[in-house]
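This report refers to the structure that appears directly beneath it.
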Amino acid sequence: MSRTIGIDLGTSTTEAAVYRDGKKELIFNPDGLAITPSAVGIDESGNWVVGERARAQYLMLPESTAIEVKRKTGTDEAITLGRARYTPIELQAKLLSYVRAYASAYLGESVDRAVISVPAYFNDMQRRDTIRAGELAGFTVERILNEPTAAALSYGLDHMEEESHVLVYDLGGGTFDVTLLEMFDGVLEVKASGGDNQLGGKDFDELLMEHLLGRFQDRTGKNLRKDRRALARIKDEAEKCKIALSDSESFHILIPAICVLGGVPAELDETVTRAQFETLTKGLLQRTHEPIDTVLADAGITENEIDHVILVGGSTRMPMVARDILDYLGIEPVHAVHPEYSVAEGAAVQAGIISGEIDPAESLIMTDVNPYTLGVRTDDDGSGDCMNVVIPRNVTIPVTRTERYTTCRDYQTEVLVEVYQGESRIATHNHRLGKFYIRSIPARPVGAEELDISFSYDLNGILKVSAVLLSTGMEKGIEIDMAKGGEKAQDLSGWKEAEGAKTWRAVIRTAERLLSRPQALPEALRGSLREATDELKKALIHGNREDAEAEGDTLRELLRIAKGGGV
Amino acid sequence: MTEDVQRSYALLGLDPGAAPDEIKKAYFRLVRVHPPEKEPEEFQEIRRAYEMLKDGPPVVEEERFSAPEDPNVLCLLEQARRRSERKEYRAAADCVADALTFAPDHPFLLLLLARLQIRAGNPRKAANTAKKLQKCAPDFSEAYALAANGYYASGWYKKAFPEYKKAYELGYRDFDFLTDYADAADDNGACELAAMLRRELLKNTKWDQSNIDSALYLYRSEAEHCKDESAVLAFLEEYGQFLSANRRLLRGQSVELAAPLMFFAVEKPQLLGFPSVYSKIDTLAESLERIVRDMEPDFVENVRIFMLFTSLRMDSDFSDSDWPLLAQVVLNPNEDGRMTRYGLLDTLLCLLKEREQSLAQLEAIRSQYPFFYQHIKEYCGVFYRDKAEEQFEKLKREHARLSEQYAGGQFYKRYPEEKTLPRGVLAYSDSKPFVRETKKPGRNDPCPCGSGLKFKRCCLGKGIYD
Ligand SMILES: Nc1ncnc2c1ncn2[C@@H]1O[C@H](COP(=O)(O)OP(=O)(O)OP(=O)(O)O)[C@@H](O)[C@H]1O
Ligand SMILES: [Mg+2]
């Protein structure tokens, strides 16, 4: 088996590490550095550039360079480089290929397995896209690991004997994560994780940038907000200024020839004091409070019981961060040994545990939690849209939970089990992971039939849902691979050969023809129609006559509406 | 101790009743032996056991009575226990009732039966059983609490009340019991007592995940006892403190948090007609905001708006004015933007007609209802401007145009003379253009239609002024 490495695929910077010969070891890139800027671009001759070179190029060619792609992970937003458009997955994959190449060179052996860390608060889509990027880069992704858990692992390995509650506070380039863990007897138990996946150093840069742009406009009347190249340079300076202000009280920004005014080059010349910067960005730090509160509440721990607050991530170098934590929690935080590396090191530790490099009997053991609430949709309040929780968030995994439900109408003979992930009490505001029907329920008065629904959530993020009808013992279920993005996508092309396909061929054709014309349908109807069509095909492929019958009827009804039959 | 708990101790290799830190040690030691990575099944077993025991061993009720020795009874009790573990309380109660035939009026069985009957949703029977229990154990407080609970749940509030009293006197202090007792006191007109009980509960309880909902319920009930401005102020102050102290526990709630406020607004709006009360509510809304935040982003805003309407309508300084109406239009805009605009103009014009008075009121709003002021300040410049007259005319013209499309409005109703004034470009009342009375205008004269253009560029050639 080849070696497994740990990768911290950050918003601003990416690091890789490995566990070998009994210790954590950083992997250096061809520039001899352990930190690689998370930048990808295409140079003037059309070649890909990654890392430091891409970052340097960003100043000159911002339109063909991408930075902070991680912020867009999990969306379909296209990123334009030069003339071509790329998905976030493709660009993350470029970055990971680069890591894979330099790691192979550094370790002198081919590297094709990885543990990749993501913010704890990344949702299912964002995790899936990270895995896809890894696979595109040629990795087998052994595990998606939560960043603060990784940081804690790295910390824990050095403090095996400790008994304490530790709050890991990770403010990086693009995301904020907070995790509470308990160390006891060499076991590291994650008690709760939370965060804000849209808050990081980048936001501090942007506020400062906006301030500089405003000042420049006040002084010269020129608005630079549309000038990509000027923006790239100001952003770069803004970040430099921010970093400098972590050590000194004021910083002088001077960007010569930022634009041309009245035929002569104008410069941006501005001095920013730390006090100014802190006032400007105070609001951002306040946004960290809510996730902290949630995590403490979920862990059932009060401020007084926390022993250490560990700071991870480059942005925690801003002195205001430690001050804010002291204010808010009354605890003086300490920096991790290497705030920028500890996540990658932790991922390497996890890789070592998985590959067997680290002997579990002698080393650290870790238990993690599921970051999101999982449940089914029920009709508790008559709205038909309640999120009924089966596994609450921040429960130690692996975990199995069973809840009992009853029918909600007299003589009800079927139940639709819909599985949702998310924190809203309204089911459809959450993310639907999958659904299935229980049919042939004996027709009895409301509440007389009972159903046990079980959720099993394992370490790899795979959720198995099953339902048993108590009166007949009938059982049905699905497997949802959350790490791979909800319901397993199924190849539905075989439906034509299935038994009974003839009956439904015309209906399916009509539906597909309608679906192929983009303007033919309102969006809502479109979704339902596509879903019903897929469900019908699935039922046909599985040879389930009853399901096919029901789905076919639904589809017919939808078609009637679509053809203007009204609702 | 149930089998589950016993099994959990055994699984962790502990004797029943082991101390919390022993439980923790045992768990963490076993996690090493069965790490989740390698043995997920075993790990889950251990974890389940740990979660069952980690907050200290389950409280084993100190039982006052011991079970009869009769083997028939024991057999039936075993069945009852199994049934109730499966939550089949009715069947379990039947077993105990059977057991009573072997040991009539045995207090152990009566107590068990009454508890099961409550669980099974059979409160009347439970009350009867509890009454029997009182006969054989007259100083046993739970016997009265169960009777009270049974009567209350069957709707016999009068009968329940003395039972509650007696149980309380005998020292029964269960949390649910006390909340119910307070409700019962309310129902029986003993408001003072109810308030006292709730105070006691609110003061003495340590809130956690399991009882925080009741806290909200208690506050909601407290609100009903507020009779005047100072009582409301005191209530809001205390409620605000409760909200900020427990914001972590309260996260996830929304409607429930605003319930006391909504109660005031709907049931006792007259209590809100004081700027002092309103300003407290505004502060409270900020605490609410901290709890609810992005979960339901509009929720707090909507509550604030609703409270504002009520306060303005009830505040004697504003109740007769058009300001509440303006709030309605601005904060609750119609989907049709032009319609909203019309409403806005209509109200503004009415206010402008009484400019002196309105200006004074606007100043009061600025200091007492800052939230409202923030929303309307963009429209209120016209009250202050030196060129108010000119502005006024402009607004009137716009209003006149819109009034052709939208019915309703107070302005013309109150000031009918306004309706006949010419409005420039076109007379609003009929669409017939002006007829020339003077001499025909010259090509370069301003056009008589009032457009401001030269005649040759405007109406010349349309045959109007020939
Ligand atoms: N001395 C410093 N003072 C202030 N900010 C700093 C300092 N050093 C680095 N940063 C900021 O830290 C951020 C990068 O931190 P880090 O490398 O931990 O983030 P990341 O892992 O790339 O992002 P994420 O974890 O959010 O995906 C950048 O925004 C950078 O500007
Ligand atoms: Mg990071």
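Considering each of A:340, A:332, A:270, A:290 in turn, give the residue that is part of a loop (DSSP other than H, G, I, E, B) and more than 16 Å from ligand 1 (Cβ to nearest atom). Please lay out each step first, then the result.
Numbers: A:340 fails: more than 16 Å from ligand 1 (Cβ to nearest atom); A:270 fails: part of a loop (DSSP other than H, G, I, E, B); A:290 fails: part of a loop (DSSP other than H, G, I, E, B).
When all the criteria are applied, what remains is A:332.
Matching residues to (1) touching a residue at least 40 places away in the same chain (Cβ under 8 Å); (2) under 24 Å from residue B:369 (Cα atoms); (3) buried (at least 17 other Cβ atoms within 10 Å of the Cβ); (4) within 12 Å of another protein chain (Cβ to nearest Cβ):
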site: B:239; (1), (2), (3), (4): yes, yes, yes, no
site: B:250; (1), (2), (3), (4): yes, no, yes, yes
site: B:257; (1), (2), (3), (4): yes, yes, yes, no
site: B:261; (1), (2), (3), (4): yes, yes, yes, no
site: B:266; (1), (2), (3), (4): no, yes, no, no
site: B:269; (1), (2), (3), (4): yes, yes, no, no
site: B:273; (1), (2), (3), (4): yes, yes, yes, no
site: B:276; (1), (2), (3), (4): yes, yes, no, no
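For the range A:84-182, give me every one of the strands (runs of 3 or more DSSP E) that falls completely inside it and has 2 or more residues that are open to solvent by less than 20 Å² (accessible area, probe 1.4 Å).
Values: elements: A:84-86, A:111-118, A:140-146, A:164-171.
Those strands (runs of 3 or more DSSP E) span A:111-118, A:140-146, A:164-171.
Could you go through the range A:190-198 and let me know if any residue there is within 16 Å of ligand 1 (Cβ to nearest atom) and basic (Lys, Arg).
Let us first name the residues in the range A:190-198 that are within 16 Å of ligand 1 (Cβ to nearest atom), namely A:193-198.
Those left that are additionally basic (Lys, Arg): none.
Among the residues of the range A:190-198, not one is within 16 Å of ligand 1 (Cβ to nearest atom) and basic (Lys, Arg), which makes the answer no.
Just checking, which of A:256, A:319 is more than 20 Å from residue A:181 (Cβ to Cβ), away from ligand 1 (no atom under 16 Å from the Cβ) and open to solvent by 40 Å² or more (accessible area, probe 1.4 Å)?
Working: A:319 fails: away from ligand 1 (no atom under 16 Å from the Cβ).
Answer to the selection: A:256.
What are the residues in the range A:392-420 that are open to solvent by less than 50 Å² (accessible area, probe 1.4 Å) and more than 14 Å from chain B (Cβ to nearest Cβ), if any?
Passing the criteria: A:407, A:412, A:415, A:417, A:418, A:419, A:420.
Test each condition in (1) farther than 20 Å from residue A:435 by Cβ; (2) modelled with pLDDT of 70 or more; (3) open to solvent by 80 Å² or more (accessible area, probe 1.4 Å) for residue A:518 and report the one that comes out false.
(2)
On the given criteria, is residue A:214 outside any helix (DSSP H, G or I) and either away from chain B (no Cβ under 14 Å) or not basic (Lys, Arg) (or both)?
Here the answer is no, as residue A:214 does not meet what is asked.
Just wondering, is there one or more residues in the range A:374-391 that are away from chain B (no Cβ under 14 Å) and within 16 Å of ligand 1 (Cβ to nearest atom)?
No; the residues of the range A:374-391 include none that is away from chain B (no Cβ under 14 Å) and within 16 Å of ligand 1 (Cβ to nearest atom).
I'd like to know if the range A:193-204 contains one or more residues that are at pLDDT 90 or above, away from ligand 2 (no atom under 16 Å from the Cβ) and within 14 Å of another protein chain (Cβ to nearest Cβ).
Taking every residue of the range A:193-204 in turn, none turns out to be at pLDDT 90 or above, away from ligand 2 (no atom under 16 Å from the Cβ) and within 14 Å of another protein chain (Cβ to nearest Cβ).
Checking the conditions here, which among A:384, A:375 is more than 16 Å from ligand 2 (Cβ to nearest atom), closer than 30 Å to residue A:477 by Cα and part of a loop (DSSP other than H, G, I, E, B)? Full working, then the answer.
Details: A:375 fails: part of a loop (DSSP other than H, G, I, E, B).
Just one listed residue meets the conditions, A:384.
Within the range A:279-312, count every residue that is more than 10 Å from chain B (Cβ to nearest Cβ) and open to solvent by less than 30 Å² (accessible area, probe 1.4 Å).
The qualifying residues number 12.
Filter the range B:353-366 down to the residues that are open to solvent by 10 Å² or more (accessible area, probe 1.4 Å) and either outside any helix (DSSP H, G or I) or not basic (Lys, Arg) (or both) and list them by number. I'd like the intermediate steps shown before the answer.
Filtering the range B:353-366 down to residues open to solvent by 10 Å² or more (accessible area, probe 1.4 Å) leaves B:353-357, B:359-361, B:363-364, B:366.
Residues satisfying the conditions are B:354, B:356, B:357, B:359, B:360, B:361, B:363, B:364.
Show the residue pairs that are 6+ apart or on different chains and have beta-carbon atoms under 9 Å apart, the first residue being within the range A:203-224 and in contact (Cβ under 8 Å) with a residue 24 or more places away in the chain and open to solvent by less than 10 Å² (accessible area, probe 1.4 Å), the second being among the charged types (D, E, K, R) and within 16 Å of ligand 2 (Cβ to nearest atom).
Final answer for the pair search is A:204/A:239; A:205/A:239; A:208/A:239.
May I ask you to list the residues in the range A:63-83 that are in contact with a strand residue (DSSP E or B) (Cβ under 9 Å, 6 or more places away or on another chain) and either surrounded by 15 or more Cβ atoms within 10 Å (Cβ to Cβ) or under 19 Å from residue A:233 (Cβ atoms) (or both)?
At the first step, the residues of the range A:63-83 found to be in contact with a strand residue (DSSP E or B) (Cβ under 9 Å, 6 or more places away or on another chain) are A:63-70, A:72-73, A:78-82.
Correct list: A:63, A:64, A:65, A:66, A:67, A:68, A:69, A:70, A:72, A:73, A:79, A:81.
Mind checking whether some residue in the range A:7-21 is surrounded by fewer than 24 Cβ atoms within 10 Å (Cβ to Cβ) and either among the basic types (Lys, Arg) or more than 13 Å from ligand 1 (Cβ to nearest atom) (or both)?
Checked against the condition, which is being surrounded by fewer than 24 Cβ atoms within 10 Å (Cβ to Cβ) and either among the basic types (Lys, Arg) or more than 13 Å from ligand 1 (Cβ to nearest atom) (or both), the range A:7-21 yields at least one hit.
Identify all residues within the range A:6-58 that are part of a strand (DSSP E or B), of a type outside the set (Gly, Ala, Ser) and within 16 Å of ligand 2 (Cβ to nearest atom); write none if there are none.
The first filter runs over the range A:6-58 and keeps only residues part of a strand (DSSP E or B), leaving A:6-9, A:13-20, A:23-26, A:36-37, A:39-42, A:48-50.
Right, trim to of a type outside the set (Gly, Ala, Ser) and you get A:7-9, A:13-15, A:18-20, A:23-26, A:36-37, A:40, A:42, A:48-50.
Of everything in the range A:6-58, those that are part of a strand (DSSP E or B), of a type outside the set (Gly, Ala, Ser) and within 16 Å of ligand 2 (Cβ to nearest atom) turn out to be A:7, A:8, A:9, A:13, A:14, A:15, A:26, A:36, A:37.
Between a first residue in the range A:302-326 that is under 19 Å from residue A:247 (Cβ atoms) and charged (D, E, K, R) and a second residue that is modelled with pLDDT of 95 or more and near ligand 1 (Cβ under 9 Å from one of its atoms), which pairs have beta carbons less than 7 Å apart while being 6 or more apart in sequence or on different chains?
Close Cβ pairs satisfying both conditions: A:317/A:246.
Of (1) under 16 Å from residue A:342 (Cα atoms); (2) touching a strand residue (DSSP E or B) at 6+ places or on another chain (Cβ under 7 Å); (3) away from ligand 1 (no atom under 14 Å from the Cβ), residue A:28 satisfies all except one. Which?
Among (1) under 16 Å from residue A:342 (Cα atoms); (2) touching a strand residue (DSSP E or B) at 6+ places or on another chain (Cβ under 7 Å); (3) away from ligand 1 (no atom under 14 Å from the Cβ), residue A:28 violates only (2).
Would you call residue A:71 away from ligand 2 (no atom under 16 Å from the Cβ) and more than 14 Å from chain B (Cβ to nearest Cβ)? Working first, answer last.
Working: away from ligand 2 (no atom under 16 Å from the Cβ): no; more than 14 Å from chain B (Cβ to nearest Cβ): yes.
So residue A:71 does not fit the description; no.
Would you point out which residue out of B:276, B:311 is small (Gly, Ala, Ser) and farther than 18 Å from residue B:325 by Cα? Break it down stepwise before answering.
Numbers: B:311 fails: farther than 18 Å from residue B:325 by Cα.
Of the residues listed, the single one that is small (Gly, Ala, Ser) and farther than 18 Å from residue B:325 by Cα is B:276.
Residues that are among the hydroxyl-bearing types (Ser, Thr, Tyr) and assigned to a loop (DSSP other than H, G, I, E, B): does the range B:210-217 have at least one? Full working, then the answer.
To start, the set of residues in the range B:210-217 that are among the hydroxyl-bearing types (Ser, Thr, Tyr) comprises B:210, B:214, B:217.
Still in the running and assigned to a loop (DSSP other than H, G, I, E, B): B:210.
So far as the range B:210-217 goes, yes, one or more of its residues are among the hydroxyl-bearing types (Ser, Thr, Tyr) and assigned to a loop (DSSP other than H, G, I, E, B).
Just wondering, is there one or more residues in the range A:357-364 that are within 14 Å of another protein chain (Cβ to nearest Cβ), modelled with pLDDT of 85 or more and more than 29 Å from residue B:251 (Cα to Cα)?
Filtering the range A:357-364 down to residues within 14 Å of another protein chain (Cβ to nearest Cβ) leaves A:357-364.
If we keep only those that are modelled with pLDDT of 85 or more too, we end up with A:357.
Still in the list and also more than 29 Å from residue B:251 (Cα to Cα): A:357.
Looking through the range A:357-364, at least one residue is within 14 Å of another protein chain (Cβ to nearest Cβ), modelled with pLDDT of 85 or more and more than 29 Å from residue B:251 (Cα to Cα).
Determine which member of the set B:322, B:317 is open to solvent by less than 70 Å² (accessible area, probe 1.4 Å) and at negative phi. It would help to see each step written out before you state the result.
Values: B:317 fails: open to solvent by less than 70 Å² (accessible area, probe 1.4 Å).
Answer to the check: B:322.
Taking the range B:305-314, which residues are surrounded by fewer than 22 Cβ atoms within 10 Å (Cβ to Cβ) and under 13 Å from the mean Cα position of the chain (by Cα)?
Answer for the range B:305-314, where residues must be surrounded by fewer than 22 Cβ atoms within 10 Å (Cβ to Cβ) and under 13 Å from the mean Cα position of the chain (by Cα): just B:306.
The values are calculated or read from the model by the stated rules, or taken from the named source; none is laboratory data. Note that the structure is predicted; figures quoted are calculated from it, not measured. In this analysis, Cβ positions are derived from the backbone assuming ideal geometry, glycine residues included, and neighbour counts consider all displayed protein chains. The area values use the complete protein model at the heavy-atom level, side chains included, leaving out ligands, DNA and RNA. Shrake-Rupley method; radii C 1.70, N 1.55, O 1.52, S 1.80 Å.
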